[in-house]
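The values are calculated or read from the model by the stated rules, or taken from the named source; none is laboratory data. All figures in this text were calculated on a predicted structure; none of them were measured in a lab. Here the Cβ is made from the backbone with ideal geometry for all residues, glycine too, and neighbour counts use every protein chain on show.
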Amino acid sequence: MKKRIIYLMTLVTFAFVACQDDVVSTAVNIDTSKSASIKIYVKANLDADNTTPLENVPNGTNFIVSINKNELNGDLSAEGMWTKTVSASNGVIETTIPTTDVGVKVYINAIAFEKKVDDNIYVFELTKEYSSVKTGQKIIDSQTLTMRQL
């Protein structure tokens, strides 16, 4: 009798396992036929005082531009972010991004960098968000990196 119960339990277990659907992941294609442009003049107080005029961020300072994938493909429930790394040149970051006629939310984040000034170490950061960036839109802005002492 015990053997029959074990046999039936094994058979039921296999039946349930065999009936599960396989999860298949597919790449999400981002429609890049619609775009907008972003140009940001980025400055910072690189001497860590308030007496020196703001300066352009150093060349090569990297920024991450990101957009939720589900905003780019509204008919899909895509997870994750579309991202692009943009480097500053002469205090300017400039790029083209995919967008929609409805608009997307664009996030700009500086990859923080450190600088030593008079035996103190400072971290420079930037987080900026632009809402409803639509097809054909041109964003021109000016931002200042925030600074904090470590």
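Values as computed for the structure displayed
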item	result
Odd one out for VAL106 among (1) in a loop (DSSP other than H, G, I, E, B); (2) under 15 Å from GLU71 (Cα atoms)	(1)
Residue match in the range 94-114 (condition: in contact with an Asp or Glu (Cβ under 6 Å, 6 or more places away or on another chain), crowded, with 18+ Cβ neighbours inside 10 Å and at pLDDT 85 or above)	yes
Residues (assigned to a strand (DSSP E or B), in contact with a Ser or Thr (Cβ under 7 Å, 6 or more places away or on another chain) and charged (D, E, K, R)) located in the range 76-103	LYS84
Qualifying residue in the range 133-143 (condition: over 14 Å from TYR41 (Cβ atoms), assigned to a strand (DSSP E or B) and modelled with pLDDT under 90)	no
Of all residues making up the range 34-73, the number that are β-branched (Val, Ile, Thr), touching a Gly at 6+ places or on another chain (Cβ under 9 Å) and at pLDDT below 90	0
GLU71 vs. criteria part of a strand (DSSP E or B), free of Cβ contacts under 8 Å to residues at least 60 places away in the same chain and surrounded by 13 or more Cβ atoms within 10 Å (Cβ to Cβ)	no
Candidate set from the range 85-103 (those that are free of Cβ contacts under 8 Å to residues at least 40 places away in the same chain and touching a Phe, Trp or Tyr at 6+ places or on another chain (Cβ under 9 Å)); member that is farthest from TYR130 (Cα to Cα)	SER87
For VAL117: the one exception among (1) crowded, with 18+ Cβ neighbours inside 10 Å; (2) of a type in the set (A, V, I, L, M); (3) out of contact with any Lys or Arg (no Cβ under 8 Å at 6 or more places or on another chain)	(1)
Long-range neighbours under 6 Å by Cβ, at least six apart or interchain, first residue β-branched (Val, Ile, Thr) within the range 105-120, second in a loop (DSSP other than H, G, I, E, B)	VAL117/ALA48
Scope the range 48-64; condition at negative phi and either exposed (fewer than 13 other Cβ atoms within 10 Å of the Cβ) or more than 21 Å from the chain's Cα centre (by Cα) (or both); matching residues	ASP49, ASN50, THR51, THR52, PRO53, LEU54, GLU55, ASN56, PRO58, ASN59
